[in-house]
Amino acid sequence: MPAALSPDLLEKMDAYWRAANYLTVGQIYLQDNPLLETPLKREHIKPRLLGHWGTTTGLNFIYVHLNRLIKEHDLNMIYVIGPGHGGPGLVAHSYLEGSYTERYPNIERDRNGLQRLFRQFSWPYGIPSHVAPETPGSIHEGGELGYSLVHAYGAAFDNPDLIVACIIGDGEAETGALATSWHSNKFLNPSRDGAVLPILHLNGFKIANPTVLARISHQELTDLLRGYGYEPYFVEGDVPAMVHQRLAGTLDTVVAEIHKIQDTARSSPNTVERPRWPMIVFQTPKGWTGPRFVDGKPVEGTWRAHQVPIADFKNPEHIKELEDWMKSYRPRELFDESGKFRDEFAALAPRGHRRMGMNPHANGGELLVPLAMPHFYDYAVRVSAPGSVEAESTRVLGVFLRDVMKQNLANQNFRLFGPDETASNRLDAVYEVSGKEWMARLEDVDINLSVNGRVMEVLSEHLCEGWLEGYVLTGRHGLFSCYEAFVHIIDSMFNQHAKWLKTTKTIPWRKPIASLNYLLTSHVWRQDHNGFSHQDPGFIDHVASKKSDVVRIYLPPDANCLLSVADHCLRSRNYVNLIIAGKQPEWQWLDIESAVRHCTAGAGIWQWASNDAGDPDVVMACAGDVPTLETLAAVTLLREYIPDIRIRVVNVVDLMALQSQTEHPHGLEDQDFDALFTRDKPVIFAFHGYPRMIHWLTYRRHNHDNFHVRGYKEEGTTTTPFDMVVLNNLDRYQLALDAISRIPRLREQKQTATDRYWSTMERHKLYVSEHGEDMPEVQNWRWTS
Ligand SMILES: Cc1ncc(C[n+]2csc(CCOP(=O)(O)OP(=O)(O)O)c2C)c(N)n1
């Protein structure tokens, strides 16, 4: 086979790689003397040394080769780095290709710029040591390992011209999220989607241990990767010139293979079959080209190369070793007298938007096309009077989402994600417009599967989350519906996305992207049939802990409110929106105009359920559909027990309205909060989640001491729906008792009310135990004004 690279090109590419490696070491170590124009001294070295050397030379090597590929084939390519701790490598490359200076003009392409580039890295208020939102060309933080491949696939969906090169750390490959991500190839359609080129970076070690994939046989690794449906191409070695030729030749082969797969699929898109996609296993030493030994211990090619291989510069020998190491890259050949990267090498980089640091797909907001939105009023449930009609909220939403899907089919920029639950969550109307993406084998029993599906269903919350993240980060839109209890599986992925959003808001060149939308249904209060394992509303607490300028939490009490909230979320930018709504038939409270008014305010008095005439005995507050039902049922009980009782009902849709305005932009002004909750009356608050959340949100409010919150307290089992609320003291009888107990003028009725409560509870327990369903008075309850 002829060599892929001419001697001249090989030499120049090697020089480019040396430059990236030089800049990497410079960033990790130097605060001054960036071109080593004077002998290296201790004061040129940073006082605190942070950064990951070991992975970076491999990342740098591959980047140089992808640049050649992009130029030769005019490819539209982005680079996702699993071992994101190799941040200095990506910064180095975007600097060498010019992207960095375009984004950050103070980092010029000369000696001064180099000095600032080095000094800012891992420096207080400088740039992070990982690939981060600040890094041009990245959609992937990479600090928390595991999500590179799933992000790469999310980026490739509906981007037919894009190739996402994805470096997977061999340590990263041990994570659960990455292990399942290989299966994404069963959901990628080569006729419609772009390509992902996985490159397993088999450098053999993690921080302190070997990696599993490096210590199984070549055959076993090949079998594993073939088992996942890939064709692995191995590129191995430690002699740079040879590895250059091997990688170049292999990349030519795999790009030809990708184009062949795409051409075949695109010539007959209706009969497209799942191809065996190529991938690369890149096996080079960890810390390649770095110090081979430090203090007599082997470093290059071992786990000792992971971070900062030479430290302790009190030892003058170490200063000399660092200087020799840096000089081994021959910086004078690479940078001219002014410190500028020499043109003959710089010319190897692609131009304009073809540079991976400037590809607009990695700054998705630049490509964002707003969704065409149907008018959500058209999907409203007719509610002639509160509580006059029942509906399944998520089913109503499903029809709306069907038409969102329909109206954006031409733009191919909206997908729905869910772990096998779209139908179970009653969003199945979307199948009328689009099936579920499926590239694996079909059988006669299958329904709604399609190679052109836009509904993404796989039993992996990691994949749903990661695909959606990759999709929105590259400028598209989506919604992830999930069982409330199991969304916790991706807690940490949510964290990373929220952190990404928070940081991007401070980076002017990062354009806003579509929000990441969660619909949590099959929620805690309606998992009576599945039992305790399925009952957990804690995601609210998790989301609420993130920055207020990033997160929004909505608890629509009925279908029309859900429509209003969903419409708002799909139009919003740069947020994580958490919507929690039930799927079971429930009474409907608000007509669509009232729902819109209520959702816009975030919280409000339901006058139709109140009779306080401005001076309530008690405020009955609620957030969440089941707590709203129980609250209204409690109101009817209270009116029956105490005909002259004055009750105000307050419903909260936008949970963050409760927080002070100083804490959250949705927070009500104190006077508006007081106007709802009073300054001195008892507030019985029925909440969907853990009660402490309401206390946390309201602790600065005037009336906080009078807040008495009921919510989930980790009680549950397989039982009836009403027994679920009873077990957690969120039931209507408890709420009514709470109110009576706290209204000063009803002090004398407390004992009677308590006795009545306990006898009702006894009746309830006996009834559900004997009949297996709730008491008729509960099942047949209706709102009466
Ligand atoms: C989920 C997660 N767990 C642990 C870590 C801490 N950590 C940072 S780097 C690293 C080893 C990574 O090894 P590998 O993916 O092979 O990358 P490389 O060897 O190329 O640096 C670990 C465990 C992390 N960043 N993320």
Item to check | For L197, distant residues with modelled amide H under 5 Å away | outcome: V164, A165, C166
Item to check | Amide H contacts under 5 Å for I45, placed H, 5+ residues apart | outcome: Q31
Checklist entry - For the range 426-434, what does the Karplus curve 6.51 cos²θ - 1.76 cosθ + 1.60, with θ = phi - 60°, yield as ³J(HN,Hα) per residue in whole Hz, taken in order and with x for Gly and Pro? => result 6, 9, 5, 4, 4, 5, 5, 10, 8
Next on the checklist: Give the aspartates and glutamates reachable from K314 as a straight Cα distance under 12 Å; neighbours fewer than 8 places away on the same chain don't count.
Outcome noted: E43
Checklist outcome for this item: For the range 165-265, listing chymotrypsin sites (Phe, Trp or Tyr not before Pro) in a DSSP loop whose Cβ sees at most 11 other Cβ atoms within 10 Å gives none
Item to check | With Cα atoms, 0 to 90° folded angle of helix 393-407 axis to the chain main axis | outcome: 40
Next on the checklist: Using the Cα centre of the chain as the reference point, and only Cβ charges (+1 on K/R, -1 on D/E), how large is the resulting charge dipole? Debye, rounded to the nearest 20.
Outcome noted: 1760
Item to check | For the chain, calculated [θ]222 nm from helices alone, where every DSSP H run of n ≥ 4 adds -39500 (n - 2.57) | outcome: -11000 deg cm²/dmol
Checklist outcome for this item: The rounded separation in angstrom of the Cα centers of the range 354-430 and the range 445-510 is 14
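Subtract the Cα-Cα distance of A3 and R646 from 0.36 nm times their separation in residues, and report this length gain in nm to one decimal.
Numbers: separation 643, 0.36 × 643 = 231.48 nm, distance 8.80 nm.
Length difference between fully extended and current span is 222.7 nm.
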Next on the checklist: With the crude spin-label approximation of a point 7 Å out along Cα→Cβ, what separation in nm comes out for V239 versus S492?
Outcome noted: 4.1
Item to check | Percent antiparallel among DSSP beta bridges (both partners in the chain, rounded to 5) | outcome: 15
Checklist entry - What is the set of long-range amide H partners of E392 at a cut-off below 5 Å, with H atoms built 1.01 Å from backbone N? => result E586
Item to check | Positive minus negative residues near Q734 (Lys, Arg vs Asp, Glu; Cβ under 9 Å) | outcome: -1
Checklist entry - What angle, in degrees between 0 and 90 and rounded to the nearest 10, separates the Cα long axis of helix 7-29 from the longest principal axis of the Cα atoms of the chain? => result 60
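Accessible area per residue, 1.4 Å probe, Å², for the range 495-590: what's the number? Don't skip to the end; give the middle numbers.
On the way: 2460 Å² over 96 residues.
Normalised by residue count, the accessible surface of the range 495-590 is 26 Å².
On a 25 Å Cα-Cα criterion, which of the cross-link pairs K71/K260; K681/K750; K546/K583; K71/K340 come out too long? Before the final figure, lay out each step's value.
On the way: K71/K260 19 Å; K681/K750 17 Å; K546/K583 27 Å; K71/K340 22 Å.
Over 25 Å Cα-Cα: K546/K583.
Quick one: compute the contact order of the range 276-317, relative version, from alpha carbon pairs under 8 angstrom and 6+ residues apart, as a percent.
30
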Next on the checklist: Through the Karplus equation 6.51 cos²θ - 1.76 cosθ + 1.60, θ set to phi - 60°, convert the phi angles of the range 214-225 into ³J(HN,Hα) values in whole Hz; use x for Gly and Pro.
Outcome noted: 7, 10, 10, 5, 3, 5, 5, 5, 4, 4, 4, 6
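Can you tell me the relative contact order of the range 190-348? Whole percent, Cα pairs under 8 Å, sequence separation 6 or more.
On the way: 181 pairs, mean separation 43.3, N = 159.
It comes to 27 percent, rounded to a whole number.
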Checklist entry - Which value, in Å² and to the nearest 10, is the accessible area of M242 when all protein chains are kept and the probe is 1.4 Å? => result 100
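Report the FRET efficiency, 1/(1 + (r/R0)^6), for S545 and M761, where r is their Cβ-Cβ distance and R0 is 45 Å, rounded to 0.05. Please list the in-between numbers first.
On the way: r = 35 Å, r/R0 = 0.78.
The pair S545/M761 has a calculated efficiency of 0.80.
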Next on the checklist: Once R0 is set to 56 Å, what does the formula 1/(1 + (r/R0)^6) return for the Cβ-Cβ distance between S533 and D336, expressed as a FRET efficiency to the nearest 0.05?
Outcome noted: 0.30
Item to check | Mean separation of Cα contacts under 8 Å, 6 or more apart, over the residue count of the chain: relative contact order % | outcome: 11
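Expected output is a single nm value to one decimal: the length gained when fully extending between L459 and D223, i.e. 0.36 nm times separation in residues minus the C-alpha distance. What is it? Let's see the in-between values first.
Values: separation 236, 0.36 × 236 = 84.96 nm, distance 2.36 nm.
Taking L459 through D223 to full extension adds about 82.6 nm, to one decimal.
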Item to check | Crossing angle, helix 732-742 versus the chain [Cα axis fit, 0-90 degrees, rounded to tens] | outcome: 80
Next on the checklist: Taking the full set of protein chains and a 1.4 angstrom probe, give the accessible area of K547 in square angstrom, rounded to the nearest 10.
Outcome noted: 110
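The values are calculated or read from the model by the stated rules, or taken from the named source; none is laboratory data. Computed from a prediction, not measured in an experiment: that's the story for all the values here. Neighbour counts are summed over all protein chains in view; Cβ atoms, including those assigned to glycine, are modelled from backbone coordinates with ideal geometry. These accessible areas exclude ligands, DNA and RNA; they are computed on the full protein's heavy atoms, side chains included. Shrake-Rupley method; radii C 1.70, N 1.55, O 1.52, S 1.80 Å.
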